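Right, one structure below, let's go through it.
The values are calculated or read from the model by the stated rules, or taken from the named source; none is laboratory data. On a predicted model such as this, the values are computed, not experimentally measured, just so you know. Cβ coordinates were reconstructed from backbone atoms using ideal geometry, including for glycine residues, and neighbour counts include every protein chain displayed. We work out accessible area using only protein heavy atoms, side chains counted, and drop any ligands, DNA or RNA first. Shrake-Rupley method; radii C 1.70, N 1.55, O 1.52, S 1.80 Å.
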Amino acid sequence: MSTRTAAVVAGLGTCLPAAEFDNTSLAAGLDTTDEWIRTRTGIAARRRVAPEVSMRDLACEAAANALSSARLETAGGLILATTTPDRPCPAAAPEIAQRLGLGQIPAFDISAVCSGFLCATAAATGMIAAGITDSVLVVAAETYSRIVDPTDRSTAVIFGDGAGAVLLRRGSATEQGALLAFDLGSDGSGKDLIHIPGEAEQPDEQRWFSMAGRKVYLRAVEQMTASALQVMKDCAWTPETVDALVPHQANARIIQAVADRLGVPPERAVCALSRVGNTASASIPLALAEALATGQLNSGARTVLTAFGGGLAWASAALTWPQLTAVTSEI
Ligand code: UT7
């Protein structure tokens, strides 16, 4: 058995806004229905932050929860994935590290939209492998309620706010929790399929988030299937031996289509968006915590994570799930 160094998942934390908005409460102001949203997306409700709560507040809570899940008080680095920074400059990660009392550690943000959590996990794994640090907090936090057009039924009903984080530490590839394989990719020709115009592109108007839903849907199924397959191959895992498939939580139909194409039994595909919606980069750690709570994910499970989104960018990772208790909170 290999004893090579690996980054190991040692803690999982999440934080959700307390306020929940069900489909009916949104449908009133939009040309949509609870039935359309449920049947086309699997979403019944989503969380939204109160005006005084920032993305950084969500990120801090989730990161503190991940540290406490790992029974640690400190980390050697912090990477924040977000598409919804409270301020365009500077990156928020240094402030989060400072608020958590982590000292002057390496801390920076990455922007990879819905693939942000897995891209940040890959970057953190690289930092640990390179000997830059022994542990990294990987945090994903989003406040999409602040960038979606409240009058656009094709996005307003889909996205929600939330945050999740993992603590990665240096360990060995034979341990439970070791990240065993990654697959990352991008295709900039699809840059306009999910975007917010820049000020120079659209100077005088309110600039909202937009998504070409159908095109993204088709590409998401194709790309998450191919990418997940790649990490399964790298681990010599066949679809029937995968215990938990945890895709980005954009749409229940996409999740089932990916499981179907991969040949992973449908009950092993984690679909945890019903009460939180699409939380972009935060969706995978939130889904992991939900799957732990429901017993769908257990220690020793051969687990495949896969994400796709704006950029276009995609990423997958494979690990055996470790023994840990997720720490969750609301704000
Ligand atoms: O997280 C980053 C990656 N994002 C994704 O992976 C999301 C991918 N896309 C999706 O999940 C789906 O495409 C949506 C949920 C966004 C849309 O579902 P769809 O089944 O692909 O619908 P569609 O875009 O093909 O639209 C079908 C119809 C359209 O009306 P017409 O043109 O046929 O008259 C839409 O205008 O549904 C209409 N529609 C709605 N109707 C009622 C779109 N949104 C709504 C709505 N309520 N909320």
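Between the C-alpha center of segment 2-62 and that of segment 140-155 there is a gap of 11 Å. Applying 0.36 nm per residue to the separation of E35 and T5 and subtracting their alpha-carbon distance, the gain on full extension is 5.9 nm. Between segment 217-252 and segment 77-112, the C-alpha centres lie 29 angstrom from each other.
Per residue, what accessible area does segment 5-172 have, given a 1.4 Å probe and all protein chains present, in Å²? If you can, show how the numbers build up before the last one.
Numbers: 6330 Å² over 168 residues.
With all protein chains present, segment 5-172 gives 38 Å² per residue.
At a probe radius of 1.4 angstrom, the accessible area of segment 179-330 per residue rounds to 42 square angstrom. If Rh is defined by the Kirkwood formula over all Cα pairs and Rg also comes from Cα, what ratio Rg/Rh do you get for the chain? Rounded to two decimals, Rg/Rh equals 0.95.
For A6, the residues whose amide H sits under 5 Å from its own are G171, S172, A173, ignoring neighbours fewer than 5 places away on the same chain, with H placed 1.01 Å from N. Taking every DSSP helix (H) stretch of at least 4 residues in the chain, weighting each as -39,500 (n - 2.57) and dividing the sum by the residue count yields a mean residue ellipticity at 222 nm of -9000 deg cm²/dmol. Per-residue packing, averaged as other Cβ atoms within 10 Å, sorts the ranges 40-51, 220-231 into the order 220-231, 40-51, beginning with the highest. Are there GluC sites (Glu not before Pro) in segment 66-159 that DSSP marks as loop and that have at most 14 other Cβ atoms within 10 Å, and which are they? Sparse-neighbourhood loop GluC sites (Glu not before Pro): E73. Among complete DSSP H helices in the chain, those whose alpha-carbon atoms stretch at least 20 Å along the helix's long axis and whose mean Kyte-Doolittle hydropathy reaches -1.0 are 55-69, 213-234. Surface composition of the chain: carbon plus sulfur atoms contribute 51% of the solvent-accessible area (1.4 Å probe, protein chains only, all chains present).
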